[in-house]
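Step one of this worksheet: look at the structure below.
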Amino acid sequence: QVQLVESGGGLVQAGGSLRLSCAASGSISRLNVMGWYRQAPGKQRELAAVITRDGITNYAVSVKGRFTISRDNAKSTVYLQMNSLKPEDTAVYYCNIKSSIYDYWGQGTQVTVSS
């Protein structure tokens with residue numbers, strides 16, 4: 001069993017920044033991918049950014065250059081630094097950790113960007 005605890009969401013004006021954190025605990029295998037997905041009202045959940053244990057990253061086109069994902073393997077924590085936020089970034093952001101044998105989601109944290 002793996003638990004994910006997210007923090008850092010909130011309300012920010014367009015052009016502002018937020019940093020999301022997600023700490024994983026439990027039976028975490030060494031080989032895993034951690035990431036952030038988001039779901040806006042009325043839309044499907046979509047990838048924002050993911051990072052492997054070795055630091056290889058992948059970003060959605062819509063956030064590339066504005067968001068930076070990073071992780072601290074010693075703390076089993078993944079971060080998402082979000083800069084130059086736009087109203088279209090408004091969504092519930094979900095932390096995810098997956099390996100070959102599991103796939104867990106956090107409870108989600110709301111990010112609202114006002115224009």
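The values are calculated or read from the model by the stated rules, or taken from the named source; none is laboratory data. Everything numeric in this text was worked out from a predicted model, so none of it was measured. The accessibility values were calculated without ligands, DNA or RNA, using every heavy atom of the protein model including side chains. Shrake-Rupley method; radii C 1.70, N 1.55, O 1.52, S 1.80 Å.
Values computed for the structure shown
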read-out	value
Heavy-atom accessible area per residue - region 1-76, 1.4 Å, Å²	58
Percent carbon-and-sulfur accessible area, the chain, ignoring ligands, DNA and RNA, probe 1.4 Å	50
Among Ile97, Ile69, Ile28, residue whose mean-square fluctuation peaks in a GNM of the chain (springs only between Cα atoms under 10 Å)	Ile28
For region 42-59, Karplus couplings with θ = phi - 60° (6.51, -1.76, 1.60), whole Hz, Gly/Pro x	x, 10, 6, 5, 9, 5, 9, 6, 9, 8, 7, 4, 7, x, 7, 10, 9, 10
